Amino acid sequence: MTLHIFNPEHDIALASGLSNFTAPHAGRQLRHDLGFLPALWAAPGDVVMVDDTEQAERQWRRLVNRLNVLQIGHCLTAATPRFMGSGRAVRPADGLREVVGVDPWGWNSALRALLLRRGVKEDVLPSPTGLDAIRQLSHRRVGASLLPRLRIEGTVGEQVECYTVEQVVALQQRYGHLVLKAPWSSSGRGLRFVNPQHAASDEPFLAGWLRNLLLVQGSVMAEPYYNKVKDFGMEFYSDGDGHVSYLGLSLFHTANGAYTGNVLATEAAKRERLSRYLSPDLTDAVRQLICRETAQVYKGLYRGPFGVDMMVVADHSQLLLHPCVEINLRRTMGHVALALTPATGDQQCVMRITYSDNNYKLTITRR
């Protein structure tokens, strides 16, 4: 059987590089409240590790009922996977020794250490060397190095890795308005905007953040500020043997850089919506380039899902495609949305992660 795990604190754990890592409260609560999500793609007979089995089963039933009402429940497996608690009371005898594969939200050293303590056999887990390779591949410099190979006609985008404050200041003098990004950071975090009227080294809060980031992570990614019109992404799967498959478009919403929700619609409907901004020929060409280029980068190093965030950019009188804002070398909410693709061509909904009554909830509403 395969063990599935929703570990949304993955990006922060990856940035730390620690095997003994404690997630912040928000990450722990998100994992607790939405731990049932992998049941959407787990096969019958698989196990989903959750913090609270009773709550997971209750939330799962609520989701299934909602999907049935909205007529988008065709994607669900015939038999609900078993939920297993992740607490210290779990013993190898409870079934973890039977695990022949692990499919987490994302791989990091802290998760490997946790699974070993819980009794999962070491030979079904990535090695420390393999996890270090995944961590290096998750660095934003990988996306920056890929970007020039995706720059075909109709695209825009540049990212530079800086190792000193002076390099950042020089780029600011060149571009004016800059966006600075931590090499490893969770979605919507680790971003700072540099005002063209003030040098990065002159603003105390920004300068302190920058110097600390350079000390802890070694560099910072810098790019010109683009006039964004629309966020979207593409979801993929790497088989680790040199082949990358395209899974579908992800049309998502953000607020202040943080994820807020996904459009649930068929691929044809999403393509039609995106064609209002960009030529389908352009997005198809970029998709093929990503499959080809990432297949070689991940060959022998990474097997699993990943997503590429993109955006539509207004440049004077034309709309251009930024083909690689960042790569998320893990499962994404776009993959969750793909697992909830409506059964009919005209059905469109919105999937959101909301917070109310001290709980995170997955909500789905008609548009």
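Could you run the Karplus curve 6.51 cos²θ - 1.76 cosθ + 1.60 with θ = phi - 60° over the stretch 266-275 and give me ³J(HN,Hα) per residue in whole Hz, x for Gly and Pro?
Working through the residues one at a time gives 5, 4, 4, 5, 5, 4, 5, 4, 5, 5 Hz.
Could you sort GLU235, GLU158 by their accessible area in this structure, using a 1.4 Å probe and putting the largest first? Before the final figure, lay out each step's value.
Values: GLU235 5, GLU158 60 Å².
Heavy-atom accessible area, descending, gives GLU158, GLU235.
How many lysine pairs does the chain hold where the Cα atoms are under 21 Å apart and the two sit 8 or more places apart or on different chains? Working shown, then result.
Details: LYS181/LYS228; LYS181/LYS230; LYS228/LYS270; LYS230/LYS270.
Value for the chain: 4.
Whose amide H sits under 5 Å from the amide H of VAL50, counting only residues 5 or more places off or on another chain, with H placed in the peptide plane?
Correct list: MET84, GLY85, SER86.
Please figure out what share of the DSSP beta bridges in the chain is antiparallel and state it in percent, rounded to the nearest 5. Show your work: numbers first, answer last.
Numbers: 51 of 63 bridges.
Taking every DSSP beta bridge within the chain, about 80 percent pair in antiparallel fashion.
Provide the per-residue ³J(HN,Hα) series for the stretch 19-36, in order, calculated from phi with Karplus coefficients 6.51, -1.76, 1.60 and θ = phi - 60°, each as a whole number of Hz, with x at glycine and proline positions.
Once θ is set to phi - 60°, the couplings for the stretch 19-36 become 8, 9, 10, 10, 5, x, 4, 4, x, 5, 6, 4, 5, 5, 7, 10, x, 6 Hz.
With a 1.4 Å probe and every protein chain left in place, work out the accessible area per residue of the chain in Å², rounded to a whole number. Display every interim value, and only then the final one.
Working: 16660 Å² over 367 residues.
In whole numbers, the chain has 45 Å² accessible per residue.
Going by average Cβ neighbours within 10 Å, how do the peptides 207-219, 28-40 rank, with the highest at the top?
Working: 207-219: 14.8, 28-40: 22.0.
Ranked by mean Cβ neighbours within 10 Å, highest first: 28-40, 207-219.
Using θ = phi - 60° and the Karplus form 6.51 cos²θ - 1.76 cosθ + 1.60, what ³J(HN,Hα) does each residue of the stretch 350-365 get, whole Hz, x for Gly and Pro?
Rounded to whole hertz, the list is 10, 9, 10, 9, 10, 10, 7, 6, 6, 9, 8, 9, 9, 10, 10, 10.
If you average the C-alpha positions of the stretch 150-179 and of the stretch 105-129 separately, how far apart do those two centres end up, in angstrom?
Here the two parts' Cα centres lie 37 Å apart.
Could you tell me the center-to-center distance, by alpha carbons, between the stretch 282-332 and the stretch 11-71 in angstrom?
Distance between centres, Cα-based: 26 Å.
Divide by every residue of the chain the summed helix terms, -39500 (n - 2.57) for each DSSP H run of at least 4, and state the resulting mean residue ellipticity at 222 nm, rounded to the nearest 500 deg cm²/dmol. Working shown, then result.
Numbers: 11 runs with 125 residues, N = 367.
Helix-only estimate at 222 nm: -10500 deg cm²/dmol.
THR365: accessible area at probe 1.4 Å, nearest 10 Å²?
Ignoring ligands and nucleic acids, THR365 comes out at about 50 Å².
Determine the share of the chain's accessible area contributed by carbon and sulfur atoms, expressed in whole percent, with a 1.4 angstrom probe.
Details: 8140 of 16660 Å².
Carbon and sulfur atoms account for 49 percent of the accessible area of the chain.
Take every Cα-Cα pair in the stretch 199-305 and report what % of them are more than 23 Å apart. All intermediate terms of the calculation are to be shown ahead of the outcome.
Values: 2939 of 5671 pairs.
Distances greater than 23 Å cover 52 percent of the Cα pairs.
Between SER275, SER245, SER356, which gets the highest mean-square fluctuation from a Gaussian network model of the chain, Cα cutoff 10 Å?
It is SER356.
Could you work out the percent of alpha carbon pairs in the chain separated by over 25 Å, rounded to a whole number? All intermediate terms of the calculation are to be shown ahead of the outcome.
Numbers: 38008 of 67161 pairs.
Here the tail beyond 25 Å accounts for 57 percent of pairs.
Taking a temperature of 4 °C and a viscosity of 1.567 mPa s, what whole-number D in µm²/s does Stokes-Einstein yield for the stretch 221-367 with Rh from Kirkwood over alpha carbon pairs?
Rounded, D is 80 µm²/s.
Quick one: which residues, 5 or more positions from THR254 or on another chain, have an amide H under 5 Å from its amide H? H modelled 1.01 Å from N in the peptide plane, none for Pro or chain starts.
Amide H to amide H, under 5 Å and 5 or more residues apart or across chains, THR254 pairs with THR260.
The values are calculated or read from the model by the stated rules, or taken from the named source; none is laboratory data. Only a predicted model underlies this, so the values are computations on that prediction, with no experimental measurement involved. When we count neighbours, we look across all protein chains shown, and the Cβ atoms used for this are built from the backbone with ideal geometry, even at glycine. For accessibility, only protein heavy atoms count, side chains too; no ligands or nucleic acids. Shrake-Rupley method; radii C 1.70, N 1.55, O 1.52, S 1.80 Å.
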